[in-house]
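Let me begin by presenting the structure, written as structure tokens, before commenting on it.
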């Protein structure tokens, strides 16, 4: 396999790397960039634990090849921690005790950030739709949806 | 879990390069657009691809255009693009509805309509709308371009009319000449992301021409031509619906699998046909329920 | 020597309030770590370039003899360093019964069982190596049905059952597939049936289920050159893991002090990360490869087929009742499909066998709970520990019996509901319970007796109310302990080994310590354990850590407080009975102006007039063991012991809307009232109710594990094992907290984690019947089953 040189932005920082074609973006971020917020949950796009923002849109990093990140802007929860909207969401998540084990949290936070960026006044059904690809086994989703709803503009 | 399959990757910049490469490699090269199906197959060692040709650098196939009543969907257009398109919502609402039932946002942001019909599983969500809108698929190869009507596209489970040397360029849909209404219904195990246990897409126009397509009820997504023929010119009422259901039953050939038993599929096919038609009729005359409401059965 | 020391004078008058921290809706102490992704899970830890990776070689057969293992091709793969097989680890292990090997010995007993493992420099090489190991098998006829497994002609899954060591409260039947048979007998059930006006007998079926924690199991092991084994595991039970590791590795000279288990945050447990499952491979591989850390991660499919599964069960119930609604007798036989190894699962069977009467006073009782080996993946603990399974049949039966008797099913439950002091199935007496209050509150909340009509002509609305109980299932001497240490600024570290598995343990422990020591929760740090540094905890299972670990923390806090009082008494000559704590300070009832801030002395002591210092770092130690418990009763009746420490009880209700054509169900309202004794943090209790109920509803509406005729799991992924999404939430969940204090609980608390899940299956089955008069006796109650049952009616 030929390796490919890629250049992309990761949480605002310019990254140059050399990757094999069969490296997933998820494995690349976790094992080569030390970025641990995207989690390995199902490796087939079902659970959403590996969610990252790619050019502002949530993607399943397990279903993206690292080589495809070339020229893109990737933001993970580590990077979103500096985003004002994400911070507002996090405050509400904290107030609502929205997460239990916390494993799905990074993915949910990015999905919610994408939603409220595109649709600041999102309603409850839109919120459920937006996070329905992020599986959470602990909370029953209610406190998560409540927190996002509280953050959304009325 | 790492991907252990080994393959080369080419992000082509021109159609000439893309087609030459595809022509040289044939079925050993797989097209990579959204990758939401392909990467899973590679990781689980179900694909023998030796090369991935990434189309995302190619010009002219990342947008949706609507000219002279023809909607053109480029091979890189994602389901999220379709959902955000006011044109699709206004003129091809069944496709707009179906797109919203595809997986979830993070998948729809990558998954393409082209990929959906190239994977060609019997439950492909976009197949029904494309069938009722009589879509045509533009294929390119090194020496020619051709159009394949959607009804000839699906040749078997996970099989299409596309040749190994060809690349899907775009999908065209003609806007119906008269006023129509439509409905898309998907039967799934729950409200969240699921593969359809069955699906129905129906349209009707002012002359009471009905178009009906179903998914997950036969080896490929299909039109229910006999049922359509029976319904042509008829008003939708209990009697015609009951008769239509009887005919529909002869057109479907569902199997039992993990997602549903054959018996439930047959039962629900009839329920869904009725509901889809009633919904389309109500939309035609009353404008309600709005598009996007109640798509999951 | 009399010490005279100045202290700051305070004018504020002393106020005695209720609780400062207990009973308050505090935010989670681990909240920010999780919300900012700072929280580290096992697979997030870094081990540097020396890290090696492992992959398992798995059996494709449910039952087969291993004839030959050829590792030569695997060793030729670039990057592969070693292949380890069963012959390297010939010792059995297990939690309650030693019936497992690290790798299959000469027999594989389920599809996916580990036969060997490959250690390599990269995960890719490990996977390729595993694929290259060639194993010759001789296929045997598998045992896939627990009832057929009882047939005398059935093959035996374990030929040598009679030789397996086990805890004294198990009763394996040598020469059969019955690994344990729990018999509980009380009163005279034959007489009881004679007294009955109505007798109802039927069979119910519950399939297998998967926990589906979003984080898969993971383990890293390092056996260093000095002979010390450090294990990083995603575990609910670091100490129990250490003990089980010793059991398997002792022949290599490895003892408790040589093993250190470190548990990070874990991405969901639900019982699936209790005991030891794949972690044994990590330990064995580390030992076989000295000096290098080795990582083993389970993928999602392995997570489904090679960790513990919730056991399937076929249950036969015979119930008798008088026309006044008094249950006169119950015969309940449970045939558990316990899988290939029952080292943990047999205790699920045991727990159900002790309590399958449900929360009812039944004088004449005969329970047979049989743990039956099959060639399916090992069963084990899953939130509810057998109670969800027996409640499905029992609570379905309760409604059906009430109908036969023409008595309102809620009234029927009220008549029979257990009360404090009642004799339990095994003879001991019931703890205080608020079950009647729970029933009444749920009844009111769902407007029981008021028939609701759907706005949609295609839909009907049904209601149901069921009761539940559950006790922690644990060895009688399962214990908890805690250390508390002060820091210079008066802040605290609490060291426990109860695991934060999402339930909020760390927060609750902080609240308990805060209450005693009057240090705000914001100044308390509690972290996940390391067995070398943190004191002992048996396991975080059975909804018992708020109670057990909470008691230990409270005692540790009291111990620290006592040390503070002793010091202050010694230094200031104030009688310590006059001292109390308030706002991070020591105060005195007789000297309103006395105030000594913790930060002034808890580390550096109190300075005397002669400039010397008295005291030193303040620490507290606490331990807790239920000294009244005993697992030993008569094997034929179960009478005589006190195996269960207490029961948490409650009731749940449902308003369910059902589409008569498609069978689609929508939960309009779900209500659950649980008697938690005292809610240390009501918001976290509510979190358990909302989350647990959805997990419970999922088992009845969507999920089940499907096996083919060869014993292969055919839905080991989230595409076809459907766990609910945000779009599948009930429209409304109403959590109700009942508080009848548990006398031996910290501030009266008892556990609630599992109880929120267990009533859900019969709730749905009974609401479906209420709406449509269709009775589904086999879980899950999917829309497909409902529609087809209606259609064929």
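The values are calculated or read from the model by the stated rules, or taken from the named source; none is laboratory data. A quick note: this is a predicted structure, and the numbers were derived from the prediction, not measured. All Cβ positions, glycine included, derive from the backbone under ideal geometry; neighbour counts span all protein chains shown.
Among the residues of region A:4-21, write down those that are in a loop (DSSP other than H, G, I, E, B) and either at the interface with chain B (Cβ under 10 Å from one of its Cβ atoms) or at pLDDT below 95 (or both). Once the filter is applied, which keeps residues that are in a loop (DSSP other than H, G, I, E, B) and either at the interface with chain B (Cβ under 10 Å from one of its Cβ atoms) or at pLDDT below 95 (or both), region A:4-21 yields A:20, A:21. Return yes or no: is residue B:212 touching a helix residue (DSSP H, G or I) at 6+ places or on another chain (Cβ under 6 Å), more than 14 Å from chain C (Cβ to nearest Cβ) and not in a loop (DSSP other than H, G, I, E, B)? Considered against the rule, which asks whether it is touching a helix residue (DSSP H, G or I) at 6+ places or on another chain (Cβ under 6 Å), more than 14 Å from chain C (Cβ to nearest Cβ) and not in a loop (DSSP other than H, G, I, E, B), residue B:212 comes out as yes. Within region A:72-82, if we keep just the residues that are in a helix (DSSP H, G or I) and surrounded by fewer than 24 Cβ atoms within 10 Å (Cβ to Cβ), the residue that is farthest from the other protein chains (Cβ to nearest Cβ) turns out to be A:79.
Of all residues in region B:252-280, those that are free of Cβ contacts under 8 Å to residues at least 40 places away in the same chain and more than 20 Å from residue B:202 (Cβ to Cβ) total 7. Would you confirm, using the coordinates I've provided, whether residue C:498 is in a loop (DSSP other than H, G, I, E, B), surrounded by 24 or more Cβ atoms within 10 Å (Cβ to Cβ) and within 14 Å of chain A (Cβ to nearest Cβ)? For residue C:498, the condition - in a loop (DSSP other than H, G, I, E, B), surrounded by 24 or more Cβ atoms within 10 Å (Cβ to Cβ) and within 14 Å of chain A (Cβ to nearest Cβ) - is not met.
Given the criteria touching a residue at least 24 places away in the same chain (Cβ under 8 Å), assigned by TED's automatic domain parsing to the domain that holds residue C:462 and over 30 Å from residue C:449 (Cα atoms), does residue C:722 qualify?
yes
For residue A:92, state whether it is within 12 Å of chain B (Cβ to nearest Cβ) and part of a helix (DSSP H, G or I). Considered against the rule, which asks whether it is within 12 Å of chain B (Cβ to nearest Cβ) and part of a helix (DSSP H, G or I), residue A:92 comes out as no. A count restricted to region C:529-550 and to residues that are under 19 Å from residue C:510 (Cβ atoms) and surrounded by fewer than 24 Cβ atoms within 10 Å (Cβ to Cβ) stands at 4.
The number of residues in region A:22-71 being within 14 Å of chain C (Cβ to nearest Cβ), touching a helix residue (DSSP H, G or I) at 6+ places or on another chain (Cβ under 8 Å), farther than 18 Å from residue B:102 by Cα and in a loop (DSSP other than H, G, I, E, B) comes to 13.
Screening B:235, B:246, B:229 for residues that are surrounded by fewer than 13 Cβ atoms within 10 Å (Cβ to Cβ), part of a loop (DSSP other than H, G, I, E, B) and either out of contact with any helix residue (DSSP H, G or I) (no Cβ under 7 Å at 6 or more places or on another chain) or touching a residue at least 40 places away in the same chain (Cβ under 8 Å) (or both) leaves exactly one candidate, B:235. In region C:296-309, the qualifying residues are those that are within 14 Å of chain A (Cβ to nearest Cβ) and in contact with a helix residue (DSSP H, G or I) (Cβ under 8 Å, 6 or more places away or on another chain), and the one that is farthest from residue C:283 (Cα to Cα) is C:297. Would it be correct to say that residue B:114 is buried (at least 24 other Cβ atoms within 10 Å of the Cβ) and within 23 Å of residue B:18 (Cβ to Cβ)? Against the criterion (buried (at least 24 other Cβ atoms within 10 Å of the Cβ) and within 23 Å of residue B:18 (Cβ to Cβ)), residue B:114 qualifies.
With respect to the conditions (1) within 12 Å of the chain's Cα centre (by Cα); (2) at positive phi, residue B:128 falls short on a single one, namely (2).
For region C:710-739, give me the residue count where each residue is farther than 21 Å from residue A:145 by Cα and away from chain B (no Cβ under 14 Å).
Residues that pass the stated criteria total 5.
Out of all the residues in region C:16-26, is one or more within 14 Å of chain A (Cβ to nearest Cβ), at pLDDT 95 or above, part of a loop (DSSP other than H, G, I, E, B) and buried (at least 18 other Cβ atoms within 10 Å of the Cβ)?
For region C:16-26, residues within 14 Å of chain A (Cβ to nearest Cβ), at pLDDT 95 or above, part of a loop (DSSP other than H, G, I, E, B) and buried (at least 18 other Cβ atoms within 10 Å of the Cβ): present.
Right, residue B:103: out of contact with any strand residue (DSSP E or B) (no Cβ under 9 Å at 6 or more places or on another chain), within 25 Å of residue A:56 (Cβ to Cβ) and at pLDDT 95 or above or not? For residue B:103, the condition - out of contact with any strand residue (DSSP E or B) (no Cβ under 9 Å at 6 or more places or on another chain), within 25 Å of residue A:56 (Cβ to Cβ) and at pLDDT 95 or above - is met. Tallying residues that are in contact (Cβ under 8 Å) with a residue 40 or more places away in the chain and farther than 13 Å from residue C:564 by Cα within region C:583-594 yields 5. Against the condition in a loop (DSSP other than H, G, I, E, B) and surrounded by fewer than 20 Cβ atoms within 10 Å (Cβ to Cβ), how does residue C:226 come out, does it pass? Judged against the criteria, residue C:226 is a match.
The set of residues in region A:132-142 being free of Cβ contacts under 8 Å to residues at least 60 places away in the same chain, surrounded by 24 or more Cβ atoms within 10 Å (Cβ to Cβ) and either touching a strand residue (DSSP E or B) at 6+ places or on another chain (Cβ under 8 Å) or not in a loop (DSSP other than H, G, I, E, B) (or both) consists of A:140 alone.
Evaluation of residue C:330 against the conditions (1) surrounded by fewer than 24 Cβ atoms within 10 Å (Cβ to Cβ); (2) in contact with a strand residue (DSSP E or B) (Cβ under 8 Å, 6 or more places away or on another chain) shows that the sole unmet condition is (1). For region C:185-208, does any single residue satisfy the condition of being part of a strand (DSSP E or B), surrounded by 17 or more Cβ atoms within 10 Å (Cβ to Cβ), within 14 Å of another protein chain (Cβ to nearest Cβ) and touching a residue at least 24 places away in the same chain (Cβ under 8 Å)? No: region C:185-208 contains no residue that is part of a strand (DSSP E or B), surrounded by 17 or more Cβ atoms within 10 Å (Cβ to Cβ), within 14 Å of another protein chain (Cβ to nearest Cβ) and touching a residue at least 24 places away in the same chain (Cβ under 8 Å). Across region C:261-276, the number of residues qualifying as buried (at least 24 other Cβ atoms within 10 Å of the Cβ) and either more than 22 Å from residue A:140 (Cα to Cα) or more than 14 Å from every other protein chain (Cβ to nearest Cβ) (or both) comes to 5. Residues in region C:388-400 that are crowded, with 24+ Cβ neighbours inside 10 Å and in contact with a helix residue (DSSP H, G or I) (Cβ under 7 Å, 6 or more places away or on another chain): C:388, C:389, C:390, C:391, C:392, C:395, C:396, C:398.
When C:491, C:479, C:419, C:471 are checked against the criterion of being out of contact with any strand residue (DSSP E or B) (no Cβ under 6 Å at 6 or more places or on another chain), more than 30 Å from residue A:105 (Cα to Cα) and free of Cβ contacts under 8 Å to residues at least 60 places away in the same chain, C:419 stands alone in meeting it. So, residue B:83, is that one surrounded by 21 or more Cβ atoms within 10 Å (Cβ to Cβ) and either away from every other protein chain (no Cβ under 11 Å) or in contact with a helix residue (DSSP H, G or I) (Cβ under 6 Å, 6 or more places away or on another chain) (or both) or not? For residue B:83, the condition - surrounded by 21 or more Cβ atoms within 10 Å (Cβ to Cβ) and either away from every other protein chain (no Cβ under 11 Å) or in contact with a helix residue (DSSP H, G or I) (Cβ under 6 Å, 6 or more places away or on another chain) (or both) - is not met.
For region A:95-115, the set of residues classified as surrounded by fewer than 24 Cβ atoms within 10 Å (Cβ to Cβ), facing chain C (nearest Cβ under 9 Å) and assigned to a helix (DSSP H, G or I) consists of A:95 only. Of all the criteria given as (1) buried (at least 24 other Cβ atoms within 10 Å of the Cβ); (2) within 30 Å of residue C:271 (Cβ to Cβ); (3) touching a strand residue (DSSP E or B) at 6+ places or on another chain (Cβ under 8 Å), the one not satisfied by residue A:52 is (2).
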